[in-house]
Amino acid sequence: MKILVVDDETDIQSLFEQRFRREIRNGDFSFAFAHSGESALTYLTEHPSEVVLILSDINMPGMSGLELLREIRTTQPAPPPKVMMITAYGDNDSYNQAMQYGANDFLTKPLDFSLLKEKLKNTI
Amino acid sequence: MSIAHFLAAFFLIRFLRTYLKTTAPNPHWEARLLTAQYVVIGLLCVEAVVEKESVTRWIWDAGMVGGLLYLRRQPEFVHLQNRILTAVGPYVAVAVVSDFLDATGLYRQLPVKSYFEMGTFFALVWMFAMWQYSNKQKKALDVERLKRLEEEKHSQELERLVAERTAMITRQKEELEQTLFELRQTQDQLIQREKMASLGELTAGIAHEIQNPLNFVNNFSEVSAELIGELEDERQKPDRDTGLEEEILTDLKQNLQKITHHGKRADAIVKGMLQHSRASSGQKEAADLNALADEYLRLAYHGLRAKDKTFNAQLITEFDPGLGKISLVRQDIGRVLLNLFTNAFYATEEKRRQQPDTYKPVVAVRTRQLPGAVEICVHDNGTGIPETVRQKIFQPFFTTKPSGQGTGLGLSLSFDIVTKGHGGELKVDTEEGEFTEFTIRLPV
């Protein structure tokens, strides 16, 4: 299953690749990375119905994670992928808005990777 | 004859009494002179009763000569000596000589009696004339003295006035100095408050900016520990996959580099924050303007994001890679950049509030190497600055923000830092409703 990780921090890529090295090697997950909301949308249109799940940071310069979520939920053809939002600020406003826009889950930084692994496995 | 003696003595005593009264009142002498006066009157009465002029005239003569000799020795009348002698002297001399001639009987032998009588008369007239003259002179002196007293009083009054004015001016000067001191203190406090206010705006941004690299440090450490575990497991196996071992070692090396990188990132942010809050050392040091601009752009952006979750803007950075190190006061230029970025974001926020649906906020930073100078532009597509406000934006305490939200010192301090502190220029280009662009030009 293909997971798209969206975060403006580029090092998130090697972190995910190492954290999920066993799962990647076993072929449980495969990851794609985008460093902005805009490039995430580009990736989605270039790889239609490939991505099953999106993990997106909220705080990004330019298009924010919430805007990306709204875009996906309003313009993407069915079946829309699952979207989990990640934020450094675990405030209620962001949470409510994410839920209102149709997020499937809401995680706060720093990420608890074992919890994330559980959630990802349950999602499959 | 003795009437003349009496008059001479009487007027001399009176003269002395008035002299003392007007110059230096002296009760001791007053009593003495009064006694002398009574003695003179008494002597006249005794003479009138006993009619022994041949005896009493010697008493008169002796009294007058003795009196004059006595007066000569008195310090109180030292200034009068000559006048008394000139006025009374001739009369006494004539009287004594004529009495002597009379007593020895020479009067009858010599044909001089009429001369002596004439001399006595002239001496008396002389004495009165002198007395009059002296009185007149005394009056003139009194007038003079009064005038001098008046002048003295006047000059004392003047001196008093001068002293009063001097005291007043001194007091005012001290008050002004105190006020100036207080103003300086207030100015320092305001500058410090402005710094702290901008630091306050940053706090959330700083927390976010530190949290991100710290997360990486923690995550890469944990994942490295896992990798080491995996490596150890692999080495226990009888058929070791050396390719995998190599891969793990490469990853470990990379992770350590990343840990160092993110550790340094957090370190730089904390250092920057400390530098920002610290009083400016004024020390110029070679600095990477691109890195400085990037650092403060992020701080300002995350600071605002943390305060207002709905805030967002696209950040465009166009850094000239050919920009050499520039000698500048880091925390001062940092403050200027922070101020310009915060203003830019504020302007886009205002515009977004006016056009929530169609507006895309963009803040751009560009650096450029020019001949002999570097240029850094902060551009936003926000509300712009109206013509009426443009002239005032660099004035201290001018702010368009609601009261309590802006100190009105940001741009004024920035202007001072760029122009006075670095000999550079700070210019603004703007169009109301369209954009604002601040350009800093620093000489290399």
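The values are calculated or read from the model by the stated rules, or taken from the named source; none is laboratory data. This is a predicted model, so every value here is computed, not measured. Ideal geometry is used to build each Cβ from the backbone, glycine not excepted, and the neighbour counts take in all protein chains shown. Accessible surface is based on the protein model in full, side chains and every heavy atom, while ligands, DNA and RNA are left aside. Shrake-Rupley method; radii C 1.70, N 1.55, O 1.52, S 1.80 Å.
Working only within the range B:60-84, note down all residues that are assigned to a helix (DSSP H, G or I) and surrounded by 15 or more Cβ atoms within 10 Å (Cβ to Cβ).
From the range B:60-84, those assigned to a helix (DSSP H, G or I) are B:60-72, B:75-77, B:81-84; that's our starting set.
B:TRP60, B:ASP61, B:GLY63, B:MET64, B:GLY67, B:LEU68, B:LEU71, B:GLU76, B:PHE77, B:ARG83, B:ILE84, listed by residue number.
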Conditions first: (1) open to solvent by 60 Å² or more (accessible area, probe 1.4 Å); (2) farther than 28 Å from A:ASP93 by Cα; (3) touching a residue at least 24 places away in the same chain (Cβ under 8 Å); (4) away from every other protein chain (no Cβ under 13 Å). B:THR317 passes all but one, so which condition is the exception? (4)
Note on the range B:180-198: residues of a type in the set (S, T, N, Q) and either open to solvent by less than 70 Å² (accessible area, probe 1.4 Å) or under 12 Å from B:GLY410 (Cα atoms) (or both) are B:THR186, B:GLN192, B:SER198
Residue check, B:THR388 against (1) surrounded by fewer than 18 Cβ atoms within 10 Å (Cβ to Cβ); (2) without any contact (Cβ under 8 Å) to a residue 40 or more places away in the chain; (3) in contact with a Leu (Cβ under 6 Å, 6 or more places away or on another chain), all met but one. Which one? (3)
Go through B:ALA287, B:ALA344, B:ALA268 for me and flag whichever is closer than 24 Å to B:VAL374 by Cα, modelled with pLDDT of 90 or more and small (Gly, Ala, Ser). B:ALA344
Please go through (1) farther than 23 Å from B:LEU299 by Cα; (2) aromatic (Phe, Trp, Tyr); (3) part of a strand (DSSP E or B) for B:PHE397 and return the number of the only condition it doesn't satisfy. (3)
Filtered residues of the range B:411-444 (kept if under 22 Å from B:THR383 (Cα atoms), open to solvent by less than 20 Å² (accessible area, probe 1.4 Å) and assigned to a helix (DSSP H, G or I)): B:SER412, B:SER414
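So, B:HIS262, is that one within 14 Å of chain A (Cβ to nearest Cβ), touching a residue at least 40 places away in the same chain (Cβ under 8 Å), surrounded by 12 or more Cβ atoms within 10 Å (Cβ to Cβ) and under 30 Å from B:GLN355 (Cβ atoms) or not? Step through it out loud before you land on a result.
Numbers: within 14 Å of chain A (Cβ to nearest Cβ): yes; touching a residue at least 40 places away in the same chain (Cβ under 8 Å): yes; surrounded by 12 or more Cβ atoms within 10 Å (Cβ to Cβ): yes; under 30 Å from B:GLN355 (Cβ atoms): no.
Taking the combined requirement at face value, the residue does not satisfy it.
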Within the range B:164-187, is there a residue that is touching a Ser or Thr at 6+ places or on another chain (Cβ under 9 Å), outside the structural domain of B:ARG335 (by TED's automatic domain parsing) and hydrophobic (A, V, I, L, M, F, W, C)? no
If I go through the range B:232-255 residue by residue, how many of them are within 12 Å of chain A (Cβ to nearest Cβ) and surrounded by 13 or more Cβ atoms within 10 Å (Cβ to Cβ)? 7
Among the residues of the range B:203-230, how many are without any contact (Cβ under 8 Å) to a residue 24 or more places away in the chain and of a type in the set (Gly, Ala, Ser)? 2
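Only one of A:MET99, A:MET60 is of a type in the set (A, V, I, L, M), closer than 25 Å to B:ASN215 by Cβ and in a helix (DSSP H, G or I). Can you tell me which? Working first, answer last.
Details: A:MET60 fails: in a helix (DSSP H, G or I).
Exactly one of A:MET99, A:MET60 is of a type in the set (A, V, I, L, M), closer than 25 Å to B:ASN215 by Cβ and in a helix (DSSP H, G or I), namely A:MET99.
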Among (1) surrounded by fewer than 20 Cβ atoms within 10 Å (Cβ to Cβ); (2) farther than 30 Å from B:SER221 by Cα; (3) among the hydrophobic types (A, V, I, L, M, F, W, C), where does A:MET63 come up short? (1)
Taking the conditions exactly as written (at pLDDT 90 or above and in a loop (DSSP other than H, G, I, E, B)), does B:THR383 satisfy them or not? yes
Those residues of the range B:292-310 which are farther than 14 Å from B:GLU209 by Cβ and without any contact (Cβ under 8 Å) to a residue 40 or more places away in the chain amount to B:LYS309, B:THR310
State yes or no: is B:LYS52 closer than 21 Å to B:ALA4 by Cα, in the same structural domain as B:TYR19 (by TED's automatic domain parsing) and open to solvent by 40 Å² or more (accessible area, probe 1.4 Å)? yes
Does B:LEU328 satisfy being closer than 18 Å to B:LEU299 by Cβ and either open to solvent by less than 20 Å² (accessible area, probe 1.4 Å) or out of contact with any helix residue (DSSP H, G or I) (no Cβ under 6 Å at 6 or more places or on another chain) (or both)? yes
Output for the range B:288-314, where each listed residue is in a loop (DSSP other than H, G, I, E, B) and within 9 Å of chain A (Cβ to nearest Cβ): B:LYS309, B:THR310, B:ASN312, B:ALA313
With respect to the numbered conditions (1) within 14 Å of chain B (Cβ to nearest Cβ); (2) among the aliphatic types (A, V, I, L, M); (3) closer than 28 Å to B:LEU297 by Cβ, which one is the sole condition not fulfilled by A:LEU55? (1)
Could you tell me whether the range A:112-119 includes any residue that is assigned to a loop (DSSP other than H, G, I, E, B), open to solvent by 70 Å² or more (accessible area, probe 1.4 Å) and either within 14 Å of chain B (Cβ to nearest Cβ) or more than 21 Å from A:GLU17 (Cβ to Cβ) (or both)? yes
Checking B:ALA207 against (1) at pLDDT below 90; (2) open to solvent by 70 Å² or more (accessible area, probe 1.4 Å); (3) within 14 Å of another protein chain (Cβ to nearest Cβ), only one condition comes out false. Which one? (2)
B:VAL78 modelled with pLDDT under 80, aliphatic (A, V, I, L, M) and under 60 Å from the mean Cα position of the chain (by Cα): yes
